[in-house]
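K.L.:
The structure that follows is given in the form of C-alpha cells.
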Amino acid sequence: MKTLFSLIFTLLFSLSVFAQQTSLKPELIKNFQDMKFGMFIHWGPVTLRGTEIGWSRGHQVEMNDYDNLYKEFNPVLFDADKWIKTLKDAGMKYFVFTTRHHDGFSMWDTKFSDYNIMNTPYKKDVLMELKNACDKYGIMFGTYYSICDWRHPNYPISRIEGVEKPDADMDKFYLFLKNQTKELIEKYGTKILWFDGEWEKPWTHEYGQDFYSYLKGLNENVLINNRVDKGRKGMEGTTKSKEFAGDFDTPEQRIGSFDIENPWETCMTICNQWAWKPNDKMKSYDQCMQTLLKTVGGGGNLLFNVGPMLDGRMEQRQIDRLKQMGNWLKKYGESVYGTTGGPYKPTEWMSATRKGDKIYLHVFSLDGEELKIPVPGNNQVKNCSILKGKKLKFEQSKKELIIRIPAEQKLNVVTTIVLKLNGDSGKIEPIEI
Ligand code: FHN
C-alpha cells in the first residue's frame, strides 16, 4: 500500500515539475523572441559613489556608508519619458529595470521594506513612472529582482567574506520575496520577472521550483528567466536544463551559443560596469552592432545595459551610441525583428538570420569581393541584393554559393545582403561555415 502511495506521489510531483517547465504559452515566448532587443538599466543610490551596485557594498564603499546613501539620493533630472524615448529610438522593444539589487534597496513604493525610494529626498515612485512611460510608448515593461539581499536581516549571507547573520530566517525571507514580487506583478504589471542572485547556498532548487509555480499562479503569462531556480549554474556560463524552472536562458557578458530551440537572451553592458561609473570605457558602434547581430544570428535576444547617472540622466555619449544603433535598425530592422537565427551559424566575420523565403547575411568583414559560403540546403537562390540597395551577381553550384560584392557596395561596420529563395528558409538545417 505504502509503495503504491509513494509511487503515485512521485508521479504527481514529477508531472507538476514538468508542467512548470512548459507552462508558458508558445506565442508569448515567440513574441519575446521576435522583439530581439531590450534595454537593461542598473540604477540606485550607489550612483552617488560611481561604484558597482551591490558588489561595492563593504568593499570600495564602507558598508554603513553604502547603506545610508539613500538619504542623499535625489535624481532631480530623472525623466522616465526621456529614458523610454531613448530606448525606443534605439530600436529596443522591451525594458528591464533593477527594482532591487543585491544591496536590498527597493526602487519602488513597496509596503514590505522602508529601505526604498519613497524615503529618499526624491520621494517619487520611479518604477511607476517608468511603467507608465513604457505603456505610453508601447514598450514591454520588465523588472529585474535579486533573490539574494545582503542587507536584509533574514537573508543569511552579507557578502562580507564569512560574515553570517545569526538571526537570519530564510523562510521569513522567502515570504518577503513573495510579497515584493506580488507587488511587481499586481501593482506594476511587470511582464518579465528577471531574477538574479540565485547562485548562493541559501537559495535552493526547491525554493526555485516553488517560487516559479507561485509566480505563474499570480500571472501565468509573466515571463520568468532561468535565474529563478538553480539552472544557471552560478556566475559563469549558463546551461538551460529541463530539470530547472525558467522560461529563457541568460548568458551574461558574452554572446550565447547558437541555439534556435531554447529561448535565450544575452545580457551585456554598453560600458564595463553595470551601474554608472564616471569615464567608464564604452563599446564602439562596431562592437555594439556585432554584439547585437551575432546574438540575433545565434537565435538569441540582446538585453543591453545602460547605467544612468546620479542626477537621473543617461550619459549623452550612451544616448548617442544607442541612437546610432536605432538608425541602423530603422533602415535594416527587417533583418533582425521577427527573424530566426541562422541558417549559417555566426562566425567572426558574418552572422545570418532568416524569415519566410529570405536569408539575411550580416557581413562584418570580407577580404576581396567574393563571398563564398555553402549552399542554403536544398534551396535555390532566386535573387540576391544589398538590403535596401543594388542587386548583386551570384553563382550557385551544387555545394557553393559565390556572391560578388563590389568594393563600392560594401558598407562600414556591416553590409547586409538579402537572399531570396525558392523555398522556406526555416526548414534549412543549421550550417557551420
Ligand atoms: O551580480 C549581478 C551583477 O551585478 C549584474 O546585476 C548582473 C546582470 O545580469 N547579474 C549578476 C551577476 O551575474
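K.L.:
Just give me the residues in segment 284-304 being buried (at least 22 other Cβ atoms within 10 Å of the Cβ), not basic (Lys, Arg) and not in a loop (DSSP other than H, G, I, E, B), in sequence order.
P.N.:
Narrowing segment 284-304 to residues buried (at least 22 other Cβ atoms within 10 Å of the Cβ): 288, 290, 292-304.
In the following step, the residues that additionally are not basic (Lys, Arg) were identified as 288, 290, 292-293, 295-304.
The answer is 288, 290, 292, 293, 295, 296, 297, 301, 302, 303, 304.
K.L.:
Can you name every residue in segment 58-98 that is in contact with an Asp or Glu (Cβ under 9 Å, 6 or more places away or on another chain), β-branched (Val, Ile, Thr) and closer than 18 Å to residue 42 by Cβ?
P.N.:
Within segment 58-98, just 98 meets the criteria.
K.L.:
Let me ask another. Going by the conditions given, is residue 66 outside any loop (DSSP other than H, G, I, E, B), within 16 Å of the ligand (Cβ to nearest atom) and either aromatic (Phe, Trp, Tyr) or under 24 Å from residue 31 (Cα atoms) (or both)? Can you show your working first?
P.N.:
Values: outside any loop (DSSP other than H, G, I, E, B): yes; within 16 Å of the ligand (Cβ to nearest atom): yes; either aromatic (Phe, Trp, Tyr) or under 24 Å from residue 31 (Cα atoms) (or both): yes.
Criteria met by residue 66.
K.L.:
Assigned by TED's automatic domain parsing to the domain that holds residue 91 and modelled with pLDDT of 60 or more, is that true of residue 46?
P.N.:
Details: assigned by TED's automatic domain parsing to the domain that holds residue 91: yes; modelled with pLDDT of 60 or more: yes.
It is true that residue 46 is assigned by TED's automatic domain parsing to the domain that holds residue 91 and modelled with pLDDT of 60 or more.
K.L.:
Additional query: Quick one: in segment 260-283, of everything that is more than 16 Å from residue 51 (Cα to Cα) and open to solvent by 40 Å² or more (accessible area, probe 1.4 Å), which residue is nearest to the ligand (Cβ to nearest atom)?
P.N.:
Of everything passing the filter in segment 260-283, 262 is nearest to the ligand (Cβ to nearest atom).
Yes or no, residue by residue, for (1) open to solvent by 20 Å² or more (accessible area, probe 1.4 Å); (2) within 16 Å of the ligand (Cβ to nearest atom):
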| residue | (1), (2) |
| --- | --- |
| 184 | no, no |
| 188 | no, no |
| 193 | no, yes |
| 198 | no, yes |
| 204 | yes, no |
| 210 | yes, no |
| 218 | yes, no |
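K.L.:
Still on this model: How many of the residues making up segment 354-376 are hydroxyl-bearing (Ser, Thr, Tyr) and part of a strand (DSSP E or B)?
P.N.:
1
The values are calculated or read from the model by the stated rules, or taken from the named source; none is laboratory data. Computed from a prediction, not measured in an experiment: that's the story for all the values here. Reconstructed Cβ throughout: ideal geometry from the backbone, glycine too, with neighbour counts over all protein chains shown. For accessibility, only protein heavy atoms count, side chains too; no ligands or nucleic acids. Shrake-Rupley method; radii C 1.70, N 1.55, O 1.52, S 1.80 Å.
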